[in-house]
Structures are given as C-alpha cells and as structure tokens.
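Only the coordinates and a few stated rules stand behind these numbers; no lab work does. Worth saying up front: this structure is predicted, and the values here are computed from it rather than measured. For neighbour counting, all protein chains shown are included, and Cβ atoms are generated from backbone atoms with ideal geometry for every residue, glycine included.
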Ligand SMILES: Nc1ncnc2c1ncn2[C@@H]1O[C@H](COP(=O)(O)OP(=O)(O)O)[C@@H](O)[C@H]1O
Ligand SMILES: Nc1ccn([C@@H]2O[C@H](COP(=O)(O)OP(=O)(O)O)[C@@H](O)[C@H]2O)c(=O)n1
C-alpha cells in the first residue's frame, strides 16, 4: 500500500454460544489495535426492537415487514463496545432472557439477515487498521474473503458452566438445554446458518484458558500478516 501503510486485516471468529467468541475477539482486537464487532449484539438489538414494538416474533412475515425500521448503531472500540437502537443504549436489555429466547427466530428471517449483513460489511470496510468480527456466519457469508477465519468450539458442559457463571442464579441444566436448543435453531435455519467455513481454523476451547485462546489467535493473525 502507499506510504507503507499496512493493509487492514479482517478476522472472522464464529462458533456457538459460550465458546469464548466475545472475550477472545475483544482481547485480540485490543492487543492488535483493531476494531471489534459483536454481530450477535446486532441481532439481539433488532430482536429487542421487535419485542418492544409489539411485533409477533413467531410471525416471520411481520418481522420481515418491520426489519428496515430500527436504526442500529455499533461502536467498535474493543475497550468500550456499544450498541444503540434509534439512539437508545440497549447494551443491558439485549442480554435479558426474553430477548435471548427470541433472537434465533428473529435472526432466521432473510430480510433481517440481509439488513444486518449489509451493516456488518459497511462497518468492516470502514475499519482503518482492520477488525475482528464475531458471530455465526461471518466466515461463510458476511466476510468470505477474511484474512483469517477461526471457528471456536467447546463442550456443551463447559459452555453452560461459563454462561451460568455470568447469569446469577441460573441453573446449569436449564442453561445447557437452552444453549443446545439455540445451537440447533441457529444451525438448521435455511439462510446463513451457524457453520464452520471450509478454510476456518477450528479451536476447541474446552480445556484452554481464555488467555491461551487469545494467544493462539494473535499468533495466527501475526503469521498471516507475515505472509506465512
Ligand atoms: N477459554 C475459556 N475458559 C474459561 N472461560 C471462558 C473462556 N473463554 C471465555 N470464557 C468465559 O465464558 C463466558 C462466555 O464467553 P463469551 O466470550 O461471552 O462467549 P461467546 O461470545 O462465544 O458466547 C464469559 O464469562 C467468559 O469470560
Ligand atoms: N452472525 C450472527 C450472530 C448472531 N446470530 C444470532 O444472534 C443470537 C445471539 O448471538 P450472541 O453471539 O449474542 O449469542 P451468545 O454468545 O450471547 O449466546 C444467536 O443465537 C443467533 O441466533 C446470528 O444469527 N448470526
């Protein structure tokens, strides 16, 4: 590139819930001076808007008809990621149980995916040094030309234990069942399901600490940058 500026690096991190996507992506982006995008937060935000505005989330045609209405903005600083809908900070409400239970149905609607995918591509294209984008379909659909694709996995037991640790008072068995149900819905939808891209590096995080996962991904990014 001109003036010796490094080409922006695009990193896609996909995988099911509780595998460590958000924590890993934020840490990798901070360490490497890259932007960070939590695409799950965008799907949660549009779901929150549907619920708040009385849209029947069991009716795909009602969701499709409203999909263009909310304005969703994501702040991409890994030290302070933000999410607003029509100017309202929804970082807290989008993690509530009701939104979590409905997000798979809303995000399965093609009109919702088209809208959010367009936003994601625009954000990635404007990242000056590069970006770490985490979700379910980043390597397969949103950014198929990403420089590096990672697919994180972990046993359902480890994932449920991590999630129940976050949700105060959450029962391990109920959390595990809810995760498995959401994985199944996300993996079986027609449009852009949760899937590992053919050229993604799979990392099983069950027995790894967060720091080990971060080091592994940072090393892979540096190797890519060095042209290895
Ligand atoms: N390798 C790991 N070992 C133990 N706990 C982890 C690991 N990676 C992430 N966590 C913890 O598990 C929880 C879920 O991680 P998160 O990054 O939100 O996963 P995801 O984005 O894939 O749903 C968080 O509390 C996080 O601190
Ligand atoms: N790229 C993405 C990211 C999330 N999603 C949807 O958004 C939901 C919430 O994603 P999330 O990353 O916040 O999930 P958790 O890791 O918080 O469990 C997922 O269960 C999917 O239904 C998606 O369809 N595509």
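The ranking of 145, 186 by Cβ neighbour count inside 10 Å, starting from the fewest, reads 145, 186. Annotation for the stretch 1-55 versus the stretch 135-168: alpha-carbon center distance of 11 Å.
Averaging the sequence gap over all C-alpha pairs within less than 8 Å and six or more residues apart, then dividing by the number of residues, gives the stretch 73-127 a relative contact order of 14 percent. Convex hull of alpha carbon positions in the stretch 100-159: directionally averaged projected area 5.4 nm². Mean separation of Cα pairs under 8 Å and 6 or more residues apart, divided by the residue count, gives the stretch 8-222 a relative contact order of 34 percent.
When each of 73, 119 is scored by the number of other beta-carbon atoms lying within 10 Å, the sequence from fewest to most is 73, 119. Restricted to Cα atoms, the stretch 50-115 shows a radius of gyration and a Dmax of 12.4, 38 angstrom.
Taking only the C-alpha atoms of the chain, the Rg (one decimal) and the largest Cα-Cα distance, Dmax (whole number), read 17.2, 56 Å.
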